[in-house]
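The values are calculated or read from the model by the stated rules, or taken from the named source; none is laboratory data. Remember, it's a predicted structure, so these values are computed and weren't measured experimentally. Here the Cβ positions follow ideal geometry from the backbone for every residue, glycine too, while neighbour counts run over all protein chains shown.
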Amino acid sequence: MTNRLRTIIRKVVWALFTVLFVLVLNFFLFRILPGDPARAGIKDPRLTQEAIEAIRVRFGVDKPVINCFESLNPIKAGSCTVNPFDTQFFVYMSNLVQGEFGFSFYTNRPVADMLRERLWNTVLLISAGQIFAIVLGCIFGLFAAWKARTTIDYAALLLGLFAWSMPTFWLGIILLYWGSGYGLPIGGKATPGMSSYPAWQQWLDIGRHLLLPTLAYTVIYMGEYMLIMRSSLLDVLSEDYILTAKAKGLSTFQIMKDHALKNAILPLMTIFAINLAYTVSGVIALESVFSWPGLGGAIYDALNRRDYPVLQGAFFMIAVSVIFANLIADLTYSYLDPRVQSE
Amino acid sequence: MITQKHILEVKNIKKHFQVGRPSIFGQDARRVHAVDGVNFHMYRGDVLALVGESGCGKTTLSMLLMGLEESTDGQIFFEGNDITRATRAERKRLSQRIQMVFQDPYESLNPTQSIEEIVSEPLVIHKLAKDPIERRLRVVNALEDSGLKPAADYLKRYPHELSGGQRQRVVIASALVLEPVLLVADEPVSMLDVSIRAEIINLLADLRRKRELTVIFITHDLGTVGYFADRVAVMYLGRIVEIGNTLDVLKNPKHPYTKALLSVIPVPNPRLRKKREILQGETPNPINIPTGCRFHPRCPVAIEACKISDPAFIEVERAHDAACLLLVK
């Protein structure tokens, strides 16, 4: 038991290290990129030099990036004589520790407020899509493996490959085109003016808006989960311990339940964790097609506006959620597969 | 050998596997004659060693006995009942009486189950020993009988934490926990280190004495047979070519194939070494079985008649049968 606890602590510590690394990387990434708050917010050429300076002071970008780092950016370079506590890096770090992500160059609102709501919307979309994709993918994969090398199997295989290889935005547009014919909303999260209605009607409205993007998301990821489930299950079913189980008198159902699924699900866990990382990039395309007010949409808008604090915050949230998901998958894996713990 | 009644009787059992699909030109699909007419019987408490080179159909035969493969033709009687076409429910009941030890202990244990789960699973499946304490007791008993002492040290461990020999003991324990009458051991030692082989064979010999087990011991190694088999059956290309009491077969082999097999067993004493008889050629493809005696293309003493007529089994001595034309004359 203590061995297991030590493994968990070690993995959590490593995850925290990774987060720290991401924080540092995230900071420098946006200091290398061109762009300036004065240019991002106000595109008026009549802006005076004093006004520009005032804006830069307000956002703290007048300070040196870091001390002893001359060559990083010639405009904002620091020197070793600078007080290390009076640099952008230190302010960034100390603000983050206090949960402060800075202000948007464009809207002047706190980044944390802007992203919180967006993150929640994305989580809603991703979790609905992932749950459907995993459940359906597993069921179809199981069925295909069960009927291996029959017409059903080949049809499922073909369909899975097709679904998996479809570009997200393309499927999104097709679904939009198709769904609008059935009176489904073609964009956004809620119908305008819905807030005066009772809560259950608001939820129903969100559900209607969620339908098409979730469908697109489910179809694409279901294909992947199905293919992996099928091949993983076929692998396991050819193992000797399945034959042993048969010889002991287990029924096909018991073999599937107690022996095959438990072992076949292991590779799926890994794919799931890795997918969460790709999911965010996939979701940017999906959210822009469906005008879903999620994190992906926020990244897209912020990129167009050179709104670096928002991007920085969004990147941070994505990185943390991916690291966290991997940590969870890692720990679950060691719980599911006893061979993993003993290292 | 309490009662001289046959516990197992196998009559002309056949298993042909289809290779590919039938051709569109009306030819039949090609067939692998994995087991091609095997006959033998066993008495209670007997140990029969089934010997033959790889690909001769030993494993397929054991699968047929376990009902893991469906036979193409022939019958298997167990305790007087025909079990060849047993239904699923009958099979489940049979699996309490017939158990199997598989060849590869590294592959035949589910890596996600603890030893206790593995050994107690048959009890759960067959709804025996529902009381947890009684179940635990039977699991511990089976483990200790299989030589894993003290069993308490092993219950909570996982297969990957054990050595090959220990794993094979777990496999044996999970077969024994149902207290079967017949144990089919399919090359139980071939994947183990030589040093462990003797231990596992001694264990099987002990268990057989203690639990009055009937054992079918499948091996490709004639050298290990003498240790504990009462009778030996030599298989070649899907058929038994010679069967008899172990001493008779080892000391006085009748079939040229058995003679060849025996002559290549390493003998420690150089003075006792006889001339080795190395068989020429490869085992024929089981898709195209040679005409006549299936051994004739490799047989050192084959005559012209061997190419035409398939030899019948004849009793050359008391309880010692062989299938060779030369023995008829």
Exercise for the section: Could you please let me know if A:ILE284 is at pLDDT below 85, assigned to a helix (DSSP H, G or I) and either under 21 Å from A:PHE315 (Cα atoms) or within 13 Å of another protein chain (Cβ to nearest Cβ) (or both)? Expected result: yes
Practice task
Answer yes or no: is there a residue in the range B:146-155 that is surrounded by 18 or more Cβ atoms within 10 Å (Cβ to Cβ), part of a helix (DSSP H, G or I) and modelled with pLDDT under 90.
Solution key: yes
Fill in the blank from the handout: Restricting the range B:66-83 to residues that are within 24 Å of A:GLU239 (Cβ to Cβ) and in a loop (DSSP other than H, G, I, E, B), the one nearest to the other protein chains (Cβ to nearest Cβ) turns out to be B:LEU68
Exercise for the section: Kindly provide the set of residues from the range A:213-234 that are closer than 11 Å to A:LEU125 by Cβ and buried (at least 23 other Cβ atoms within 10 Å of the Cβ), ordered by number. Expected result: A:PRO213, A:THR214, A:ALA216, A:TYR217
Handout entry: Evaluation of B:ALA86 against (1) under 17 Å from A:THR252 (Cβ atoms); (2) more than 9 Å from chain A (Cβ to nearest Cβ); (3) in contact (Cβ under 8 Å) with a residue 24 or more places away in the chain (one fails), failing number
Key = (3)
Exercise for the section: Inspect the range B:122-129 for any residue being more than 10 Å from chain A (Cβ to nearest Cβ) and without any contact (Cβ under 8 Å) to a residue 12 or more places away in the chain and give the result as yes or no. Expected result: yes
Handout entry: Number of the exception - A:LEU311 against (1) at pLDDT 85 or above; (2) within 14 Å of chain B (Cβ to nearest Cβ); (3) at negative phi
Key = (2)
Practice task
For residues that are surrounded by fewer than 19 Cβ atoms within 10 Å (Cβ to Cβ), more than 25 Å from A:MET269 (Cα to Cα) and touching a residue at least 24 places away in the same chain (Cβ under 8 Å), tally how many sit in the range A:134-175.
Solution key: 2
Exercise for the section: For residues that are touching a helix residue (DSSP H, G or I) at 6+ places or on another chain (Cβ under 8 Å) and either aromatic (Phe, Trp, Tyr) or within 10 Å of another protein chain (Cβ to nearest Cβ) (or both), scanning just the range A:235-247, find the one that is surrounded by the fewest Cβ atoms within 10 Å (Cβ to Cβ). Expected result: A:GLU239
Fill in the blank from the handout: Considering the range B:184-194, residues that are of a type in the set (A, V, I, L, M) and within 9 Å of the chain's Cα centre (by Cα), and then whichever is nearest to the other protein chains (Cβ to nearest Cβ), we arrive at B:VAL184
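Please enumerate the residues belonging to the range A:253-262 that are crowded, with 23+ Cβ neighbours inside 10 Å and either within 7 Å of chain B (Cβ to nearest Cβ) or within 21 Å of B:PRO180 (Cα to Cα) (or both).
Within the range A:253-262, the first condition is being crowded, with 23+ Cβ neighbours inside 10 Å, and the residues that meet it are A:259-260.
Within the range A:253-262, A:HIS259 is the sole residue that qualifies.
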Problem - Count of residues meeting criterion [loosely packed, with under 15 Cβ neighbours inside 10 Å and either under 18 Å from B:LEU123 (Cα atoms) or not polar (S, T, N, Q) (or both)] in the range B:156-169 - result: 2
Fill in the blank from the handout: Only one of (1) under 30 Å from A:ALA190 (Cα atoms); (2) in contact with a Phe, Trp or Tyr (Cβ under 8 Å, 6 or more places away or on another chain); (3) at pLDDT below 85 does not apply to A:VAL111, and that is (3)
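Working carefully through the options A:SER238, A:SER288, find the one that is of a type in the set (Gly, Ala, Ser) and touching a Phe, Trp or Tyr at 6+ places or on another chain (Cβ under 6 Å).
So the residue among A:SER238, A:SER288 that is of a type in the set (Gly, Ala, Ser) and touching a Phe, Trp or Tyr at 6+ places or on another chain (Cβ under 6 Å) is A:SER288.
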Problem - the range B:130-141, subset among the hydrophobic types (A, V, I, L, M, F, W, C) and crowded, with 16+ Cβ neighbours inside 10 Å, residue nearest to the other protein chains (Cβ to nearest Cβ) - result: B:VAL139
Problem - Hits in the range B:257-288 (condition: in contact with a strand residue (DSSP E or B) (Cβ under 9 Å, 6 or more places away or on another chain) and within 21 Å of B:HIS220 (Cα to Cα)) - result: B:TYR257, B:THR258, B:LEU261, B:THR283, B:ASN285, B:PRO286
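For (1) out of contact with any helix residue (DSSP H, G or I) (no Cβ under 9 Å at 6 or more places or on another chain); (2) modelled with pLDDT of 90 or more; (3) farther than 20 Å from B:PRO188 by Cβ, each residue gets a yes or a no:
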| position | (1), (2), (3) |
| --- | --- |
| B:MET1 | yes, no, yes |
| B:HIS6 | yes, no, yes |
| B:PHE17 | no, no, yes |
| B:ARG21 | yes, no, yes |
| B:GLY57 | yes, no, no |
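Looking at the range A:314-343 only, could you name the residues that are of a type outside the set (Phe, Trp, Tyr) and within 14 Å of another protein chain (Cβ to nearest Cβ)? Write out each step before concluding.
Here is the first cut: in the range A:314-343, the residues of a type outside the set (Phe, Trp, Tyr) are A:314, A:317-323, A:325-332, A:334, A:336-343.
Selection gives A:THR332, A:SER334, A:LEU336, A:ASP337, A:PRO338, A:ARG339, A:VAL340, A:GLN341, A:SER342, A:GLU343.
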Practice task
Report yes if B:SER108 is in contact with a Ser or Thr (Cβ under 6 Å, 6 or more places away or on another chain), within 17 Å of A:ASP240 (Cβ to Cβ), assigned to a loop (DSSP other than H, G, I, E, B) and touching a residue at least 12 places away in the same chain (Cβ under 8 Å), otherwise no.
Solution key: yes
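Kindly indicate whether A:LEU250 is hydrophobic (A, V, I, L, M, F, W, C), within 14 Å of chain B (Cβ to nearest Cβ) and not in a helix (DSSP H, G or I). Talk me through it step by step, then tell me what you get.
On the way: hydrophobic (A, V, I, L, M, F, W, C): yes; within 14 Å of chain B (Cβ to nearest Cβ): yes; not in a helix (DSSP H, G or I): yes.
Spelling it out, A:LEU250 is indeed hydrophobic (A, V, I, L, M, F, W, C), within 14 Å of chain B (Cβ to nearest Cβ) and not in a helix (DSSP H, G or I).
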Fill in the blank from the handout: Only one of (1) within 26 Å of B:ASN285 (Cα to Cα); (2) within 14 Å of chain A (Cβ to nearest Cβ); (3) charged (D, E, K, R) does not apply to B:ARG239, and that is (2)
Practice task
Tally the residues that are within 14 Å of B:ASP221 (Cα to Cα) and either in a loop (DSSP other than H, G, I, E, B) or within 14 Å of chain A (Cβ to nearest Cβ) (or both), restricting the search to the range B:38-54.
Solution key: 3
Completion exercise
So the strands (runs of 3 or more DSSP E) completely within the range B:224-329 holding 3 or more residues that are surrounded by 12 or more Cβ atoms within 10 Å (Cβ to Cβ) and not charged (D, E, K, R) are B:231-236, B:239-245
Practice task
From the list B:SER95, B:SER62, pick out the single residue that is under 17 Å from the mean Cα position of the chain (by Cα), within 8 Å of chain A (Cβ to nearest Cβ) and assigned to a helix (DSSP H, G or I).
Solution key: B:SER95
Completion exercise
Filtering the range B:156-167 down to residues that are within 12 Å of another protein chain (Cβ to nearest Cβ) and assigned to a helix (DSSP H, G or I) yields B:PRO159, B:HIS160, B:GLU161, B:ARG167
Problem - Inter-residue pairs, beta-carbon under 7 Å, first free of Cβ contacts under 8 Å to residues at least 60 places away in the same chain and in the range B:317-329, second among the polar types (S, T, N, Q), 6+ apart - result: B:LEU325/B:SER309
